[in-house]
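The values are calculated or read from the model by the stated rules, or taken from the named source; none is laboratory data. Everything quoted here is computed from the prediction, not taken from an experiment. Cβ: placed from backbone, ideal geometry, glycine included. Neighbour counts: every protein chain shown.
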Amino acid sequence: MATSAIEHRSALIIGAGPAGSAAAQRLAEGGIDVLVIEKRHIIGNPAQCGECIPEWGEVIGAFPKAAKEEWLRNYFIFPERIKLHPLKWMRIFSPSGKSWKMPLDAFAAHRLQFDGLLADRAMNAGAEIRVDTALTNIITNRKDGKDLYVTNNGKITADVIIDASGSLAHVARLRGGHQGEDQVPTIYAQVSGVIPESFDIFLGAIAPMGYAWIIPKGEGFANVGIGVKAGAMKGVLKEHLKKLCDELNLTIHSWGGGWIPMGGPVKNLVKDNVLAVGDAGGLVMPSNGGGISQAIMSGFYAGETIIQHFNSGMELQNYHRITMNVMGKSLKTSLRTKKIAYLILRWNWSAELAMRFLGPIGGIRRAVECKKSVWII
Ligand SMILES: Cc1cc2nc3c(=O)[nH]c(=O)nc-3n(C[C@H](O)[C@H](O)[C@H](O)COP(=O)(O)OP(=O)(O)OC[C@H]3O[C@@H](n4cnc5c(N)ncnc54)[C@H](O)[C@@H]3O)c2cc1C
């Protein structure tokens, strides 16, 4: 219910995606008063995702320094009921149809169920989540020094804010900062038909400077999508995906899409009393667009830092340092891989040539795993 009174909270989180819910849970467990506002009516719906969820093995494969975090290890134990299909393999296809297979430790899920699960965990820990509540404005430079967070459902001030609003980073934008760079447009469809067992990726002119994917969701269903650098593909992305689905004889049941911030982490994840987590902090792997594990990890580190900030005066800036210590190297390598991919994945001939050269020497696998390609110093 909208009210003119200003509500004050210890911690305010904008967005109940994986990053926001993980942060909220950690904060509530640490005894911090925390409110999450979420603009959607139903958390996780509509999905903006290929819905490939990493298991713990995949997370620590990419970010080995996270292996010591018991809390995260436990967080990544998900109930079997939300796992629609195990994703044990990924195949990367060149334009001619040659493929390279590599192991994967992930599963397919409905984000509606996955995000709902994470939100439930946060609420069970004591966090308050308020849906149908969108941040619409932020009033800065007020007399009491506290920024005013204006929503369609009341006005809020808070000691610490977490921007978990996703790729468009609403808090940073409304405070006059800038959101993540290289926002990549994506479109996907939920389809049925003859579906492969593995997570398949297609490179080349089918998705110039990007890739097309098929992620099996079990029982003849899949999430099929295309993501390309903005402007790299002529025409309407949806039409290209429709053509691909027609060629593969797949029946489309629904559409979705969104933006993926592929420009790497924002310069500083902390600005004043605002901590940016997940996509809002540009923490997606630039070379493959995966962001769920980094969203959860950054939510955890933000929560940890804020707890210690309240309890023992730890600087909020520590959050940036810890997060970059754990993720910085892999994200940097991934960003470099993406820049090279932009050069070679524009045309079929260049994609084919590069993949035929890199495939046999393990370069494709290393690029996917965000480790240095063998030929990158
Ligand atoms: C098409 C597509 C496919 C993808 N596929 C994968 C994949 O298969 N695997 C993977 O790991 N990653 C994938 N990603 C990336 C992944 O979806 C994100 O990295 C992840 O969701 C980031 O989590 P988050 O919590 O930071 O943000 P989000 O999940 O985007 O959550 C942000 C939340 O904030 C809310 N919000 C936004 N603005 C406001 C506001 N003004 N007020 C209140 N609430 C607000 C939103 O409604 C949303 O619930 C994909 C992304 C896209 C677009």
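Conditions tested, residue by residue: (1) surrounded by 15 or more Cβ atoms within 10 Å (Cβ to Cβ); (2) not β-branched (V, I, T).
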site: K88; (1), (2): no, yes
site: F93; (1), (2): yes, yes
site: S99; (1), (2): yes, yes
site: A108; (1), (2): yes, yes
site: R111; (1), (2): yes, yes
site: F114; (1), (2): yes, yes
site: N124; (1), (2): no, yes
site: T136; (1), (2): no, no
site: G145; (1), (2): no, yes
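Looking only at segment 208-219, count every residue that is out of contact with any helix residue (DSSP H, G or I) (no Cβ under 8 Å at 6 or more places or on another chain), at pLDDT below 95 and of a type outside the set (D, E, K, R) and tell me the total.
4
How about segment 52-82: which of its residues are of a type in the set (A, V, I, L, M), closer than 25 Å to K329 by Cα and part of a helix (DSSP H, G or I)? Before you say what the answer is, go through the steps one by one.
Of the residues in segment 52-82, the ones of a type in the set (A, V, I, L, M) are 53, 59-60, 62, 66-67, 72, 77, 82.
Add one more test, that the residue is closer than 25 Å to K329 by Cα, and what stays is 53, 59-60, 62, 66-67, 72.
Answer for segment 52-82, where residues must be of a type in the set (A, V, I, L, M), closer than 25 Å to K329 by Cα and part of a helix (DSSP H, G or I): V59, I60, A62, A66, A67, L72.
Which residues, counting only those in segment 280-317, are more than 26 Å from P54 (Cα to Cα) and of a type in the set (S, T, N, Q)?
Of everything in segment 280-317, those that are more than 26 Å from P54 (Cα to Cα) and of a type in the set (S, T, N, Q) turn out to be Q308, N311, S312, Q317.
Where residues in segment 321-330 are of a type outside the set (K, R) and surrounded by fewer than 24 Cβ atoms within 10 Å (Cβ to Cβ), which of them is farthest from the ligand (Cβ to nearest atom)? Before you say what the answer is, go through the steps one by one.
Let us first name the residues in segment 321-330 that are of a type outside the set (K, R), namely 322-328, 330.
Within this subset, residues satisfying the condition of being surrounded by fewer than 24 Cβ atoms within 10 Å (Cβ to Cβ) are 322, 324-326, 328, 330.
Details: I322: 17, M324: 17, N325: 20, V326: 16, G328: 17, S330: 14 Å.
Step by step, filter segment 321-330, then rank; the result is N325.
Out of the residues in segment 233-282 meeting the condition of being within 16 Å of the ligand (Cβ to nearest atom), of a type in the set (G, A, S) and not in a helix (DSSP H, G or I), tell me which one is surrounded by the fewest Cβ atoms within 10 Å (Cβ to Cβ).
Ranking the candidates gives S254 first.
Looking at (1) modelled with pLDDT under 95; (2) aromatic (F, W, Y); (3) within 10 Å of the ligand (Cβ to nearest atom), which is the one condition that is false for F93?
Here F93 meets the rest and fails (3).
Among the numbered criteria (1) among the aliphatic types (A, V, I, L, M); (2) within 16 Å of the ligand (Cβ to nearest atom); (3) at pLDDT 95 or above, which one does L335 miss?
Every condition holds for L335 apart from (3).
For segment 30-80, which residues satisfy the criterion of being acidic (D, E) and surrounded by fewer than 17 Cβ atoms within 10 Å (Cβ to Cβ)? Quick ask: steps written out before the conclusion?
Quick first cut of segment 30-80, residues acidic (D, E) only: 33, 38, 51, 55, 58, 69-70, 80.
Scanning segment 30-80 gives E70, E80.
Got at least one residue in segment 72-80 being of a type in the set (K, R), more than 30 Å from L353 (Cβ to Cβ), in the same structural domain as P46 (by TED's automatic domain parsing) and within 19 Å of the chain's Cα centre (by Cα)?
Filtering segment 72-80 down to residues of a type in the set (K, R) leaves 73.
Those left that are additionally more than 30 Å from L353 (Cβ to Cβ): 73.
When the remaining residues are screened for being in the same structural domain as P46 (by TED's automatic domain parsing), the result is 73.
Right, trim to within 19 Å of the chain's Cα centre (by Cα) and you get 73.
Within segment 72-80 (the criterion being of a type in the set (K, R), more than 30 Å from L353 (Cβ to Cβ), in the same structural domain as P46 (by TED's automatic domain parsing) and within 19 Å of the chain's Cα centre (by Cα)), the answer is yes, since at least one residue qualifies.
Residues checked against (1) small (G, A, S); (2) within 14 Å of the ligand (Cβ to nearest atom); (3) modelled with pLDDT of 95 or more:
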| residue | (1), (2), (3) |
| --- | --- |
| A19 | yes, yes, yes |
| G30 | yes, no, yes |
| K39 | no, yes, yes |
| F114 | no, yes, yes |
| A122 | yes, yes, yes |
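Just checking, how many residues over segment 147-157 are surrounded by fewer than 16 Cβ atoms within 10 Å (Cβ to Cβ) and over 20 Å from N273 (Cβ atoms)?
1
Taking N152 and the conditions (1) within 13 Å of the ligand (Cβ to nearest atom); (2) within 24 Å of Q25 (Cβ to Cβ); (3) out of contact with any helix residue (DSSP H, G or I) (no Cβ under 9 Å at 6 or more places or on another chain), which numbered condition does it fall short on, given that it satisfies the others?
If we test N152 against (1) within 13 Å of the ligand (Cβ to nearest atom); (2) within 24 Å of Q25 (Cβ to Cβ); (3) out of contact with any helix residue (DSSP H, G or I) (no Cβ under 9 Å at 6 or more places or on another chain), just (2) comes out false.
Is there any pair linking a residue in segment 12-27 that is under 9 Å from A119 (Cα atoms) and in contact (Cβ under 8 Å) with a residue 40 or more places away in the chain to one that is assigned to a helix (DSSP H, G or I) and near the ligand (Cβ under 6 Å from one of its atoms), with Cβ under 7 Å and at least six apart or on different chains, and which?
Within 7 Å, the pairs are G17/G278; G17/A295; P18/G278; P18/I292; P18/A295.
Across segment 283-309, what is the number of residues that are of a type in the set (F, W, Y) and either in contact with a Gly (Cβ under 8 Å, 6 or more places away or on another chain) or modelled with pLDDT under 95 (or both)? Let's see the steps before the verdict.
Let us first name the residues in segment 283-309 that are of a type in the set (F, W, Y), namely 300-301.
Checking which are either in contact with a Gly (Cβ under 8 Å, 6 or more places away or on another chain) or modelled with pLDDT under 95 (or both) leaves us with none.
Result for segment 283-309: 0.
Under the condition of being assigned to a loop (DSSP other than H, G, I, E, B) and surrounded by fewer than 24 Cβ atoms within 10 Å (Cβ to Cβ), which residue from segment 288-320 is nearest to the ligand (Cβ to nearest atom)? Show your work before the answer.
Filtering segment 288-320 down to residues assigned to a loop (DSSP other than H, G, I, E, B) leaves 288-291, 313-317.
Add one more test, that the residue is surrounded by fewer than 24 Cβ atoms within 10 Å (Cβ to Cβ), and what stays is 289-290, 313-317.
Numbers: G289: 5, G290: 4, G313: 28, M314: 23, E315: 23, L316: 18, Q317: 20 Å.
Taking the candidates together, the pick is G290.
Look at N45 and say whether it is part of a loop (DSSP other than H, G, I, E, B) and of a type outside the set (D, E). Break it down into steps so the answer makes sense when it comes.
Numbers: part of a loop (DSSP other than H, G, I, E, B): yes; of a type outside the set (D, E): yes.
Yes, satisfied.
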